[in-house]
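The values are calculated or read from the model by the stated rules, or taken from the named source; none is laboratory data. Note that the coordinates shown come from a computational prediction; the quantities given were computed from them, not determined experimentally. Cβ placement follows ideal geometry from the backbone for every residue including glycine, while neighbour counts extend to all protein chains displayed. Just the protein is used for accessible areas: all its heavy atoms, side chains included, with ligands, DNA and RNA removed. Shrake-Rupley method; radii C 1.70, N 1.55, O 1.52, S 1.80 Å.
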Amino acid sequence: MQANFVISLGNKSQVPIISFSAASPSLTSLKSPYFFRAAQSGSFQVNAIRDIVEEFGWREVVPIYIDNLFGETLIPYLTAALQEINIRVPYLSVIPESADDDLITKELYKLMNNQTRVFIVHATMPLGSRILVKAEEIGMMSEGYVWIMTDSMTTLWRSINSSAINALQGILGVKSYVPKSKELENFTVQWKRKFQSDNPNVNAEMNIIGLWAYDATFAVARAVENAGTANLRFNRTNISGSGATDLETLGVSQNGPRLIKELSKINFTGLSGDFHFVNGQLESSVFQIVNVNGNGERRVGFWTPQSGLVKDWKSTNTSAKSSSKPKLGPIIWPGDTNSVPKGWKIPVEGKKLKIGVPVKDGFTEFVKVTWDSNSKKAKSIGGYCIDVFDAVMSKMPYPVPYEYVPFATPEGNAAGSYNDLVDQVFYGIYDGVVGDITIVANRSLYVDYTLPYTESGVSMLVPVRDNNKKNAWVFLQPLTSDLWVTSGCFFVFIGFVVWVLEHRINEDFRGPPAHQVGTSFWFSFSTMVFAHREKVVSNLSRFVVIIWCFVVLVLTQSYTASLTSLLTVEQLQPTVTDINQLLKRRESVGFLSASFVKDMLLEMKFDESHIKKYGTLEELHDLFTEGSAKGGISAALDEIPYITLFLSKYCGKYTTVKPTFKTDGFGFVFPKGSPLVADVSRAILNVTQGDEMQKIHNKWFNNATCPDFDPTVSSNSLGLDSFWGLFLIAGVASISALIIFAAMFLYEQKHVLFQFHPENSVWRKVRTMFRIFDQKDLSSHTFKKTEPRDASCHCSVHSIGAYGSSTNTNCPPSPSVGSNQIDPPDFVFLVEQGSVTDSPDIPPSPERSSIELADYSHGQ
């Protein structure tokens, strides 16, 4: 406050104001061009304190500060620096400068009953020493406590009496570092000699404030010399009237602007180190970390703006912050111990942890609160979640006293939703929450969760119905329509392939056209029951039939199995398979009362009028029974533990369908940054990986099973996608056989192809080759024993499609696929009489025939 007043005078009179002790950060905000701070701003030290807290892994810190501008102006900078590394400040302890010992003791007892054990003291030395003395008296300077002093106290602590110094043992302090120099050593000796001669009964030492004062005086003297002493006068302000004050008549310096210009240029190495002003104040320099032991202090490290904490200032480098080595030397902590305090402790002597539990009417297997009908107080609190928490706390490495507090109204009803219950931890009303609390992202912004102790996920629950419609056409259901069509086409195709391969060499596949078509279809479809009687003599046909019989075998066996399942097994299918169906049909969906699932449904664009809540298993079943059309629901979204419990009671009537929305399961809730979270999470792992967790589960969910119900949902019809590989093999085999047969046939008839007249049309050539194909292949072994030839049948013309019948009645007419009326042939083969063999079983050999080609089409 004094500095603010003097700075305002400097602005008014344009006189530079230089302070070597006003370290308050708030003075910087004045932005006065006439104010020069020849000291370190108090805000510079907060980064050093922050790095100390981070170095030892403390998660909570409580500042204790004096209730005036000196104390208040540093706290915003300190808390902001701590929050940058997620250090929690659960409480701010403010002590008036005029506080008596009783008030100080009362405040310290309040801190003692909390779990935080790291304290930062920022006060004037008289008040700060009294706080530390009282803390030592009530036992707060014992093992497990951490005390850190700010720069103002660390600089002046040697000035207090020896009885107070005993209370400072083990405390850490932060203060500006002054590098040693020959000039400083000489000055200190001269000053001490002079001071002791003037004050023989006082033992004092030069501190950083005295050095800043000396350097500031030197800087002013140099600035005055550089600015010159000419025109050193004030312009007086003329204010008439007898009531004018001295401040109102204060003049304006003519030399002030020149002085501030020269002060801004000052740059020299003083007793305190480098001395130059940056924006009106000394630049941030090195801080040293000291540990109070005995009547002195021991330096344990340094802090620099570039490297952070380091053991040795001379060896600082840019990689020091990322080094895994200790950044500070050995420290003797309060209680005369070398063990680093963990920074928190459950106060056994103080209050128990208040653990909030939800109050609910349904699903009491998880949490159940029993009320006393007379006193309206909770008589007992139990359930699966409660037993798990008790087992976890028994595994903690230290005792943790706690008590359960129902989150309820005076009437015993729920006091709000689960979000409201979690908010009570954020507001500090509860120290934790135990129950069926799901770990979700939006809650984790305000509280911390332990590891989950249940399976996770939110799924959709829907009723099931029997889709097995018993009717006269049920035999068609085992196969889908595309598989039926594909199978039928392949039966026809295989029949055609076998006819092509067998027609020239097999009597069973010859005869009138209708007979041949019927035989082909009969042969192909009879393979379905393996009742085909016709023999196949071609190796290509046999290859195709073997492949096809294997396909038919797999197809019929699969059909039989599927049809048996349809006729004998109950076919349960969900009434809804996709959550989008509910949105399109505008059907209602349910959620557990007070659950976060409602927010999920609203995010999915469900209308709030179509969202219905339930509180018990029975209510959910009733809503499903009524259906969406009668005010009920068509589906429900709930967490897997609740769904498992519901399905165990209504086994076989409901099932779950996808999608399953990912959540992290149930977890215990603690305040943000609570050190209990890590230890409780480790204890959860010890419980869940042992037999105790299974015992707790069996205690509350022993009958929560549904062994006779398989919730798997699948189609009962076999589709083409399951058999396309088999059809592909059969198709490739058949087409390959046709290609091989065609190549062999054309190769055998190549002498015919070469004899065609060039002007003959393609269609006429194809018809001629087809007529050849329609004839028996007398060279085949199948006709060598089955075709006895009449000796009198010596046809003079062995023709292919002659003009009418043979004149020899003993020779039967050539079979034809078409009508009896045929076109003139392109050519005939004229065979000499007697050129054929005498054996009736051996057909004439083309090699021994004398062939004359007659081209009737050209009149030859």
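Data overview
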read-out: Shape category assigned to the stretch 1-113 from the gyration tensor of Cα positions, a/c cut at 1.5; value: oblate
read-out: Residues of the stretch 474-565: accessible area per residue with a 1.4 Å probe, Å²; value: 48 Å²
read-out: Loop-located trypsin sites (Lys or Arg not before Pro) in the stretch 584-646 whose Cβ has at most 11 other Cβ within 10 Å (DSSP); value: Arg586, Lys605
read-out: Loop-located trypsin sites (Lys or Arg not before Pro) in the stretch 1-54, at most 15 other Cβ atoms within 10 Å (DSSP); value: Lys31
read-out: Rounded to 5, percent antiparallel among DSSP beta bridges of the stretch 353-454; value: 40 percent
read-out: Long-range HN-HN contacts of Lys612 with modeled amide H, under 5 Å; value: Val589, Gly590, Phe591
read-out: Ratio of Rg to Rh over the stretch 607-664 (Cα coordinates, Kirkwood Rh, two decimals); value: 0.95
read-out: Tail weight of P(r) past 22 Å, computed on alpha-carbon pairs of the stretch 353-454, percent; value: 28 percent
read-out: Accessible-area ranking of Glu137, Glu618, largest first, probe 1.4 Å; value: Glu137, Glu618
read-out: Stretchable slack from Glu185 to Arg233, in nm (0.36 nm times residue separation minus alpha-carbon distance); value: 13.3 nm
read-out: Rounded, prolate or oblate (a/c below 1.5 giving rounded, otherwise prolate when a/b exceeds b/c) for the stretch 150-203 by Cα gyration tensor; value: oblate
read-out: Percent carbon-and-sulfur accessible area, the stretch 474-565, ignoring ligands, DNA and RNA, probe 1.4 Å; value: 75 percent
read-out: Calculated over the stretch 474-565: convex hull of Cα atoms, volume per residue (Å³); value: 92 Å³
read-out: Rounded if a/c under 1.5, otherwise prolate or oblate - the stretch 418-491, Cα gyration tensor axes; value: prolate
read-out: Listed residue pairs exceeding 19 Å between alpha carbons, taken from Lys360/Lys613; Lys360/Lys630; Lys175/Lys311; Lys12/Lys265; Lys535/Lys776; value: Lys360/Lys630; Lys12/Lys265
read-out: Whole-percent carbon and sulfur share, accessible surface of the stretch 353-454, 1.4 Å; value: 50 percent
